[in-house]
Amino acid sequence: MKKPAVLLLLLLSASVAADEGSVRLKDGEGRQLVEANCVMCHSLDYIQMNSPFLDRKGWEASVNKMVKVMGAPVSESDAKAIVDYLAARYGK
Amino acid sequence: MRERRDFLKASAGAVLLAQGLRWNPVAAAAELAAAQGLPGGAVEAALLEALPGKLPLIKKSFRPPNFETPVRFFNEAYTPNNAFFVRYHLSAIPQVDLQAWKLDIGGEALEKPLSLGMADLLRDFEVVELAAVCMCSGNRRGFSQPHVPGVQWGHGAIGNAKWRGVRLRDLLARAGLKKEAVEIVFDAADAPPVEKTPDFVKSLPVWRAMDENTLVAFEMNGEPLPHWNGFPARLVVPGWTATYWMKHLTSVSAVSQPYKGFWMNPAYRIPKGKFPVIDRFVSQETEANTPITEMVVNSLISTPENEGKCAAGATLDVSGVAWDGGYGITAVEISEDGGSTWRNAQLGADLGRYAWRQWSHGFKPARAGRHTLLVRAFNRAGATQPAELIFNPAGYHNNVVQRVDIEVA
């Protein structure tokens, strides 16, 4: 169901009942970029959970899917930096 | 890391205390140990956390919420509502107001569109109840070798419940389903976090939507559906994986062309010919793959838990559940020697063709040390479970024979 964006934000904040703020990603170059972008659509534990079995190509495919299929508003240069971080910190 | 875990364990403990139960760190460790074989990062990130109205479950992701049921709850024939697993794709999840809720029945392949509230459903249609297993297509994905991306589920994206509601076919008949209908399309109240994300929309072939067992359910185990399991109404498609069991259902559309959407294709696809499934979804098939449909035959040891301990000389209760796509479980076999020999377990009561079947077996270990127990089920369609995983890129239909190691001292 499609809803107006404002309502969406309200719903979104109401749905965050559990404590996703407790999720801490590993330090490293690009971490802030990852946090700022990925958290638009999902909690950051998705990254932890899907590690450490993806190689660089695997993370590239995941980030590509988020941008091209899921429509995440992430620029090409940010996407590249995100892949760099994920491959270095959460890669195989 | 330690601090965070202690904090979260403490918060789960507070919930238990509030419910008059004791927080037991040993039991909690055992619940999380069932995660053995999951990716390291998934084990690390898992914790026991309670969503509002739920007991502490194994948290896979906070947003969207994905929480799995600890294995010990599968010792019960019916999985308690407050322990039932939670699975969402999209993170904008409204609290649906029952007074305002309507189910719209429409689409070009219907004579007359309807808009029904809960009172209409209860007044105008026969209410029926059936027991059925609700299982995420990706249950046990986390054990896939090699690992594949997605929610890294262990054993607990499954539950058995009594579902009460009205037959979808009665609603479609009332609206006058036309002959040209090919699929029935379902949408729900949850929505994507950003505009461009594909909305979660699913379809069923008409024959499956018209099956007398396909329900629009509003009760689960005698109570209104919990919010996290689809209040106020969800689709129940017994025998098929839970991707079709649309929660917070708001719209049903009959269409004359196959529905095209991300969640039908490329999502939720299995390679053609790799699994022994009988139900087909022909209008959605391609050369290479096909939508997932019925559950494959499968079983679970719920007692003892993996890495459990038992005293030498005693008879150990080995028990669990077995299920399939609705053909019926005919036998469950246990191996006490890692798969060389097998013997029949005792089957429990038949709760209906779509419910799981409980089973039990007394194991009297002849020696101390490490023992490996295996379980496999057989169904009326002549299928059983493979000794080797049938690998597929999305990690669906994981029904490889389960193994539980115990230490006899």
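Relative to the longest principal axis of the C-alpha atoms of chain B, give the angle of the C-alpha long axis of helix B:2-18, reported between 0 and 90° and rounded to the nearest 10°.
70 degrees
List the GluC sites (Glu not before Pro) within the stretch B:255-319 that DSSP assigns to loop and that have no more than 15 neighbouring Cβ atoms inside 10 Å.
Details: sites: B:Glu285, B:Glu287, B:Glu294, B:Glu305, B:Glu307; in loops: B:Glu285, B:Glu287, B:Glu305, B:Glu307.
Filter output for the stretch B:255-319: B:Glu285, B:Glu287, B:Glu307.
Under a cut-off of 18 Å between alpha-carbon atoms, report the lysines in cross-link reach of B:Lys178, not counting same-chain residues fewer than 8 places apart.
B:Lys112
Can you give the extra length, in nm with one decimal, that the chain gains between B:Asp350 and B:Ala368 once fully stretched, where that is 0.36 nm per residue apart less the Cα-Cα distance? Present the calculation step by step, with values, prior to reporting the outcome.
Numbers: separation 18, 0.36 × 18 = 6.48 nm, distance 3.55 nm.
Full extension from B:Asp350 to B:Ala368 adds 2.9 nm.
Ranking B:His89, B:His147 by Cβ neighbours within 10 Å, fewest first, what do you get? Spell out each step's value before the answer.
Numbers: B:His89 19, B:His147 24.
Arranged by neighbour count, lowest to highest, B:His89, B:His147 become B:His89, B:His147.
For the stretch B:298-408, place one equal point scatterer on every Cα, skip the solvent, and apply the Debye formula. What is log10 of I(q)/I(0) at q = 0.18, 0.23 Å⁻¹?
Listed by q, the Debye log ratios stand at -0.88, -1.27.
Could you work out Rg/(2.2 N^0.38 Å) for the stretch B:74-128, with Rg from alpha carbons only?
On the way: Rg = 16.4 Å, N = 55, 2.2 N^0.38 = 10.1 Å.
That works out to 1.63 for the stretch B:74-128.
Report the per residue volume, in Å³, of the convex hull enclosing the C-alpha atoms of the stretch A:24-90. Walk me through the numbers on the way to the answer.
On the way: hull volume 5.1 nm³, N = 67.
Output value, Cα hull per residue: 76 Å³.
Treating the stretch B:103-291 as a set of equal point scatterers at the Cα positions, no solvent, please give the Debye-formula log₁₀ I(q)/I(0) at q = 0.10, 0.16, 0.18 Å⁻¹.
-0.41, -1.08, -1.35
Could you tell me which trypsin sites (Lys or Arg not before Pro) in the stretch B:96-141 are loop residues by DSSP with no more than 15 other beta carbons within 10 angstrom of their beta carbon? Provide the component values of the computation, followed by the final result.
Working: sites: B:Lys102, B:Arg123, B:Arg140, B:Arg141; in loops: B:Lys102, B:Arg140.
Filter output for the stretch B:96-141: B:Lys102.
Evaluate Rg over Rh across chain B, taking Cα atoms for both radii and Kirkwood's formula for Rh. Could you put the intermediate results ahead of the total?
On the way: Rg = 21.4 Å, Rh = 22.1 Å.
Ratio value, two decimals: 0.97.
Just flag the trypsin sites (Lys or Arg not before Pro) in the stretch B:208-274 sitting in loop per DSSP whose Cβ has no more than 14 other Cβ atoms within 10 Å. Please report the intermediate quantities before stating the final value.
Numbers: sites: B:Arg208, B:Arg234, B:Lys247, B:Lys260, B:Arg269, B:Lys272, B:Lys274; in loops: B:Lys247, B:Lys260, B:Lys272, B:Lys274.
Hits after loop and neighbour filter: B:Lys260, B:Lys272, B:Lys274.
To make sure I understand, if each residue's beta carbon is the centre and we count other beta carbons within 10 Å, what order do B:Arg380, B:Arg72 fall in, fewest to most?
On the way: B:Arg380 13, B:Arg72 16.
So the residues, fewest neighbours to most, are B:Arg380, B:Arg72.
How do A:Met40, A:Met66, B:Met210 line up, fewest other C-beta atoms within 10 Å first? Please report the intermediate quantities before stating the final value.
Numbers: A:Met40 14, A:Met66 21, B:Met210 18.
Fewest to most other Cβ atoms nearby, the residues stand as A:Met40, B:Met210, A:Met66.
What translational D, rounded to a whole number of µm²/s, comes out for the protein assembly as shown from Stokes-Einstein when the hydrodynamic radius is the Kirkwood one over Cα pairs, at 4 °C and 1.567 mPa s?
Numbers: Rh = 23.6 Å.
Approximately 55 µm²/s, per Stokes-Einstein.
Readers should treat all values here as calculations from the given coordinates under stated rules, not as data from a laboratory. The structure displayed is predicted, hence computed values, not measured ones. Neighbour counts run over all protein chains shown; Cβ positions are idealised from the backbone, glycine included.
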